[in-house]
Structures are given as structure tokens and as C-alpha cells.
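Student: Mind having a look at this structure? Questions to follow.
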Amino acid sequence: GDSVTQKEGLVTLTEGLPVMLNCTYQTIYSNAFLFWYVHYLNESPRLLLKSSTDNKRTEHQGFHATLHKSSSSFHLQKSSAQLSDSALYYCALKRTGNTGKLIFGLGTTLQVQP
Amino acid sequence: ETAVFQTPNYHVTQVGNEVSFNCKQTLGHDTMYWYKQDSKKLLKIMFSYNNKQLIVNETVPRRFSPQSSDKAHLNLRIKSVEPEDSAVYLCASRDWGFQNTLYFGAGTRLSVL
């Protein structure tokens, strides 16, 4: 079945350093939609980025990600971490045409320290 | 701006009790979901409704039952709670059309003693 792998459960960084959160996925279908959701403490999870286009960079709020279907990856990056980026980040997969069900990875907690 | 409203925020109960959680969305979406976020932060879909019809029913225990009166409301009832039901229950909605984005509520945290 479909699956999403986020190999890091916790990433701790010093403010100002670059961020890279890994996400790989498995699906037998070529029409996958990939998402990054961010969940700040005491708030609702919300969409950060999404893409279904191969090799096209998508950006939002300083973060960016590129869907690479050849390697089944959708890594989240930011050039310089800020304290306010500390949150739980979920990568998720949806196949076009199914019920809209999202398959989430286990999540990566990003802790940015001063 | 909040558009998916969940009540209650927290609920503490004892094993064997019945609980109900409410969810309402004001986005005009026609699809709503219940997700469970467990203690390890794993986020897993439980149910999905499209216009009051159940379309996704993952393998969840029979004590869980969703209820939808109209497309803006999706409630969750747990008949006889177990300790492993302690989790955050997140409601979400989505427009069935081209929009793929899920909009989540703030969640209901359930603690079963």
C-alpha cells in the first residue's frame, strides 16, 4: 500500500542554520500529490506546501520543496532556521482520484535553538 | 482564522464511559474527516464523509461511530472508551473539487483513566 517515510523523528538546529526535513514515499501510482503540513503547539495543523508536478520547486513562507518522482522524494528545506519554525512537520501523500484520504508520515519535530 | 470548530477541547473520562465529540466547518466544504493523533504523534485517518455519506471507514474498533447531520457537521461517538483511545482527535474538511487542502480543527484531547 501507499506509505510515507520521515526518517527523522527529531531535528534540533541552531537558529540561522539551514533546514532539511526528509520525506520519501511509496506508491504504485504515478499521479501522487505530496504535502507538507505544519503543526504548531496548541494550534491546528495547517498546510505549508503541496505539489504534484515533477521537478518543480514550490515555495511558501520561506520554505521550499521539490517533488522528485524519480527518487520518490519531497524534502522540505529552508535556508535559515528561525526560532518560530519550531513545530511538528508532517509529510503526506494523496493519490489523485481516490477519496481524498491523506497518508501521513510519522512527523518530524523541528526544534530551533538560539 | 478558524473555520473548523471542535468541541470540547479536552475531555477526561474513565474506562467504559461513552463520549461524543463535535465538529463543525464553516468553509462550505462537502467532505469531512476524523483523524487520530496518538501519543507518538502518528496521524491516522479514521473516517471520511462526503455530503453526509460515509466514504472512508478505516479499520477502527466498532466502538467508534461517526455521525453526520449535514455536510457541515461530523461528530464522533465512542461507546465504551478504552485506555488506548487516549489521543488527540482532529477533525478536518476539504472541498471535494480541485482543492486538495485539508483544513483542520484544533483537536479534542481525550484522556482515558
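The values are calculated or read from the model by the stated rules, or taken from the named source; none is laboratory data. Nothing here was measured: the structure is a model prediction, and the numbers come from that model. Positions of Cβ are backbone-derived with ideal geometry, glycine not excepted, and every protein chain shown enters the neighbour counts. Accessible surface is based on the protein model in full, side chains and every heavy atom, while ligands, DNA and RNA are left aside. Shrake-Rupley method; radii C 1.70, N 1.55, O 1.52, S 1.80 Å.
Student: For region B:18-52, which residues satisfy the criterion of being surrounded by fewer than 20 Cβ atoms within 10 Å (Cβ to Cβ), of a type in the set (A, V, I, L, M, F, W, C) and touching a Ser or Thr at 6+ places or on another chain (Cβ under 8 Å)?
Tutor: B:Val19, B:Leu27
Student: Condition test on B:Val15, is it open to solvent by 60 Å² or more (accessible area, probe 1.4 Å), assigned to a loop (DSSP other than H, G, I, E, B) and more than 11 Å from chain A (Cβ to nearest Cβ)? Even if it seems obvious, please write down each step before you answer.
Tutor: Values: open to solvent by 60 Å² or more (accessible area, probe 1.4 Å): yes; assigned to a loop (DSSP other than H, G, I, E, B): yes; more than 11 Å from chain A (Cβ to nearest Cβ): yes.
Answer is yes for this residue.
Student: Here's another thing I want to ask about it. Restricted to region A:49-68, and to residues that are open to solvent by less than 40 Å² (accessible area, probe 1.4 Å) and within 11 Å of another protein chain (Cβ to nearest Cβ), which residue is nearest to A:Ala81 (Cα to Cα)?
Tutor: So the residue we want is A:Leu49.
Student: Ok, one more. If you scan region B:58-74, which residues turn out to be under 12 Å from the mean Cα position of the chain (by Cα) and open to solvent by 40 Å² or more (accessible area, probe 1.4 Å)?
Tutor: Hits for region B:58-74 are B:Gln67, B:His73.
Student: Just checking, how many residues over region A:75-91 are within 14 Å of chain B (Cβ to nearest Cβ) and over 18 Å from B:Phe104 (Cβ atoms)? Before you say what the answer is, go through the steps one by one.
Tutor: First, the residues of region A:75-91 that are within 14 Å of chain B (Cβ to nearest Cβ): A:87-91.
Imposing the further condition that a residue be over 18 Å from B:Phe104 (Cβ atoms) reduces the set to none.
So the count comes out to 0.
Student: On to the next question. Could you grab me the full set of residues in region B:53-77 that are modelled with pLDDT of 85 or more, touching a Ser or Thr at 6+ places or on another chain (Cβ under 9 Å) and over 16 Å from B:Ser20 (Cβ atoms)?
Tutor: Correct list: B:Lys71, B:Ala72.
Student: Among the numbered conditions (1) free of Cβ contacts under 8 Å to residues at least 60 places away in the same chain; (2) in contact with a Cys (Cβ under 9 Å, 6 or more places away or on another chain); (3) open to solvent by 30 Å² or more (accessible area, probe 1.4 Å); (4) within 14 Å of chain B (Cβ to nearest Cβ), tell me where A:Arg46 comes up short.
Tutor: Condition (2) is where A:Arg46 drops out.
Student: Further question: Can you tell me how many residues within region A:17-29 are at pLDDT 95 or above and open to solvent by 40 Å² or more (accessible area, probe 1.4 Å)? Before you say what the answer is, go through the steps one by one.
Tutor: Applying the first criterion (at pLDDT 95 or above) to region A:17-29 yields A:17-25.
Going one step further and asking which of them are open to solvent by 40 Å² or more (accessible area, probe 1.4 Å), we end up with A:17-18, A:20, A:24.
Residues that pass the stated criteria total 4.
Student: Another question, then. For the structure I just gave you, tell me whether A:Ser86 is among the small types (Gly, Ala, Ser) and open to solvent by 40 Å² or more (accessible area, probe 1.4 Å).
Tutor: yes
Student: For a quick check of your reading: which strands (runs of 3 or more DSSP E) sit entirely within region B:20-113 and have at least 1 residues that are at the interface with another protein chain (Cβ under 10 Å from one of its Cβ atoms)?
Tutor: Those strands (runs of 3 or more DSSP E) span B:31-37, B:43-50, B:53-57, B:87-94.
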